[in-house]
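Here the structure comes first, spelled out in structure tokens, and everything after it is commentary.
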Amino acid sequence: MGELDARHVDSSSSRPSVTIGSSLIPVINKLQDILAQAGSELDVSLPQVAVVGSQSSGKSSVLEALVGRDFLPRGCDICTRRPLVLMLENRLPKPGDDRTEWGEFRHLPEKRFYDFSEIRAEIQAETEREAGLNKGVSDKQIRLKITSPNVLNMTLVDLPGITKVPVGDQPNDIEARIRKMVMTHISQQNCIILAVTPANSDLATSDALQMAREADPDGFRTIGVITKLDIMDRGTDARSFLLGKVIPLKLGYVGVVNRSQEDINKNRGIATALAYEEKFFNDHSVYRGLSDHCGIPQLARKLNEILEQHIRMVFPALKADLNSKMGTVLKELQTYGKPIESKMEQGVILLNILTQYCEAFAAMVDGKSQEMSTKELSGGARIHYILQSIFVKCLEEVDPCDDLTDDDIRMAIQNASGARNALFVPEVPFEFLVRRQIARLLDPSLQCLRFVYDELMKISHACEVTELQRFPVLRKHLDEVMVKFLRDGVEPAERMIGNLIEMEVDYINTSHPNFLGGNKAAELAMQLLKSPQGVTDAEGQTSQTSQTARTIRSGLLNGLLPNQGSRPQPNNENHVSSGTKAWIPSLFGSRTSAGEPMACRPFGEPSHSESMPSIIHLREPPSSLRPVQMTENKAVEIVVTKLLLRSYYDIVRKNIQDLVPKAIMHFLVNLTKRNLHRTFIQKLYRENLFEELLQEHDAHVSQRKRNQELFKVLEQSVQALEKVDFDVSSQTSSLGTDASIGLPRIPRTSAHLHTTAGGEIGQVSYRPFPMPSMTKSTA
């Protein structure tokens with residue numbers, strides 16, 4: 001039936017030609033050792049067998065029987081307080097070997113334990129170091145590898161037994177904690193569940209089977225082990241349980257007999273216990289015909305077969321998973337770069353980083369970045385949007401007459417006329433008003449410059465060169481140089497924009513070919529005033545001016561000017577010309593009749609014909625004067641001024657819309673692309689700064705070291721799998737299939753087997769041992 005304990009198999013028998021698990025399980029055990037170096041960072045699920053059961057269910061006895069040695073802590077209370085990963089490795093003895101069995105702990109590398117009692121002591125000591133001295137539990141694994149010619153290759157995980165009542169230092173939720181720990185192991189799809197249940201308890205209420213059903217509802221990964229068959233009540237047996245008639249499991253059940261606590265106390269060995277177990281099953285009328293379901297050797301064979309078959313099934317996926325993880329770790333490792341050792345390497349790395357940064361910056365501005373977004377505008381596209389969709393369109397929407405009322409324009413015209421009435425529309429109010437509107441263009445132009453500066457800063461932060469992440473000091477200095485460089489570029493751009501506005505304000509070019517001109521403006525104004533509807537012309541006449549025009553036209557149609565009321569027109573016939581009857585006021589307020597010359601009357605002589613009139617007093621002029629009279633001429637002047645304002649403002653606006661983006665692109669954006677690399681070289685590429693700039697985070701260094709270790713572990717794991725020289729399909733077909741469990745059938749030799757009275761293949765024969773009286777197991 002394969003490799004069995006040398007003490008169990010007839011010495012004259014020859015080993016089978018196909019060794020169960022000779023190629024695959026040792027590889028998995030090796031992977032266990034390799035991956036253990038990485039701790040919990042590599043979440044790789046390896047095929048293994050997890051032993052689950054309640055406290056004192058006989059788990060430890062089953063494991064010791066599989067190994068053939070006493071090496072586990074024993075006692076009445078909870079003994080397994082940390083998961084024990086037990087890797088069994090079959091190794092044939094070599095000529096000259098004095099010692100063929102030993103154990104090795106992962107936490108004590110290169111130290112072999114040949115005395116298995118010392119292994120037990122070390123398990124106990126390591127458990128107490130992590131879980132304390134008083135019954136505490138921990139989920140940190142203990143890894144033990146046992147090499148022997150008397151074991152079958154397999155990996156077992158002994159989990160703490162389910163306990164109900166806290167004892168010692170155990171917390172009140174000890175049961176929930178242990179259940180969570182157990183479920184973490186058995187929920188992995190690559191884990192075979194060995195559910196251990198004592199025969200003297202109700203199988204339907206077994207904690208082990210209940211948890212196994214939660215993790216493996218279909219029962220494809222669960223093997224049931226029924227212990228303590230020898231202490232069942234007389235007249236009862238576990239036949240229906242072993243045949244799966246009570247709780248069916250796809251992998252079936254195996255019944256075993258444990259050593260009692262008295263046997264342990266009297267140091268009765270595993271070999272004696274196995275001999276007693278064989279005799280018990282052979283002598284039992286029920287179990288004699290269930291040899292495939294009884295005994296530790298049958299359990300070992302079944303576990304080995306199932307684990308071997310399971311490894312064959314998951315081997316391709318396991319290899320692919322390891323390759324995938326290795327690729328991921330390698331990619332992350334590349335981001336950390338290699339350690340820098342010499343000045344030359346420092347200079348090369350620094351120059352590469354600066355060059356890549358400048359190239360990435362220019363690519364983002366030009367829209368050639370490899371990481372182009374498909375969700376939103378980025379890089380140079382945002383700058384173009386600011387210049388054209390925000391700045392240009394904003395200026396298009398500005399009306400130069402929005403903040404000017406007709407009264408404002410009329411006041412400016414009248415003030416420009418001085419002490420006399422102007423015959424024509426004066427140029428001074430037009431130039432004054434248009435300069436004020438042109439000056440308003442400075443603020444949006446500077447805002448546009450600030451927006452572009454902010455976008456360039458965003459682009460600089462988005463240019464994350466991979467190796468730049470390693471060096472925080474370099475990142476800081478690079479940002480400082482970048483900020484200063486951009487600010488230096490903003491200053492000439494600001495001056496240029498200011499000069500553009502000053503140029504437009506300083507000289508009003510009324511000879512511009514696109515300027516409307518006074519004559520054309522006057523004609524349009526008259527047309528507007530004569531229009532019965534006051535329709536706005538092509539130049540955008542405002543509703544306020546139209547209302548004024550309608551008012552003026554209405555007054556003209558009635559024969560009156562605004563604010564004149566019904567004042568009579570002067571009579572030309574009564575007008576004083578020369579010797580008329582009209583009276584002329586005196587400079588001093590007196591007047592004479594038309595027929596009496598003033599020279600005939602002495603100065604100061606009172607008139608006897610009429611009394612002296614009272615003196616007329618004028619009102620004092622107010623401190624603030626505003627014209628109160630609107631005439632047709634004034635209305636025309638207002639309309640003409642507005643037309644000229646809009647015409648010239650449109651000319652200036654188009655100039656600013658064209659020249660301000662050019663100034664920003666030339667003095668800031670394009671200058672940055674051209675000179676940024678040279679500035680970085682001048683400011684940062686200095687040999688005395690290499691060491692300071694290329695300092696790495698301590699966490700970065702440790703993470704790189706850790707990733708190097710992980711990559712090495714994964715590389716070793718993949719190499720271990722690649723060295724496996726076998727053909728899964730050919731070996732599986734050559735072994736045949738065991739119909740009872742759907743796994744490869746293991747060839748047996750006649751020396752290993754005996755035939756029962758019913759012609760069935762019986763249990764493997766053991767070497768004869770003394771048969772002392774055995775006390776029935778109670779533990």
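Laid out as a table, the results:
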read-out	value
Overall Cα dimensions of the range 201-357, principal axis frame, Å, largest first	88, 40, 27
Per-residue SASA entry for Lys368, accessible area with 1.4 Å probe, Å² rounded to 10	140 Å²
Asp98-Ala36 FRET efficiency (beta carbon distance; Förster radius 35 Å; 0.05 resolution)	0.75
In nm, spacing of pseudo-spin labels at Ser702 and Lys375 (7 Å Cα→C-beta vector)	3.3 nm
Potential extension, Ala271-His666 segment - 0.36 nm per residue separation minus Cα distance	132.9 nm
At R0 = 41 Å, FRET efficiency that the Cβ-Cβ distance of Ala439 and Glu464 yields, to 0.05	0.45
Label point 7 Å beyond Cα of Lys673 along Cβ direction - residues of the range 435-457 with amide nitrogen under 20 Å	449-457
Point-to-point label distance, Tyr385-Asn134, nm (Cα→Cβ direction, 7 Å offset)	6.6 nm
Label-zone membership for the range 485-499, site Glu692, 7 angstrom Cα→C-beta point, backbone N under 20 Å	485
Cα gyration tensor shape of the range 251-306, rounded if a/c is under 1.5, else prolate or oblate by comparing a/b with b/c	oblate
Largest-first principal axis extents, alpha carbons of the range 27-325, Å	54, 47, 45
Arg143 accessible area, 1.4 Å probe, all protein chains in place, Å² to nearest 10	40 Å²
Accessible-area ranking of Lys520, Lys180, Lys325, Lys393, largest first, probe 1.4 Å	Lys180, Lys393, Lys520, Lys325
Kirkwood Rh (inverse of mean 1/r, distinct Cα pairs), the range 159-207, angstrom	12.4 Å
Heavy-atom SASA rank of Glu104, Glu110, Glu376 (probe 1.4 Å, accessible area, largest first)	Glu110, Glu376, Glu104
Candidate lysines - alpha carbon under 19 Å from Lys476, same-chain residues fewer than 8 apart omitted	Lys458, Lys484, Lys683
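The values are calculated or read from the model by the stated rules, or taken from the named source; none is laboratory data. Since we're looking at a predicted model, the values are computed, not measured. With ideal geometry, Cβ positions are generated from the backbone for all residues, glycine too; neighbour counts draw on all protein chains shown. All accessible areas refer to the heavy atoms of the entire protein, side chains included, with ligands and DNA or RNA removed. Shrake-Rupley method; radii C 1.70, N 1.55, O 1.52, S 1.80 Å.
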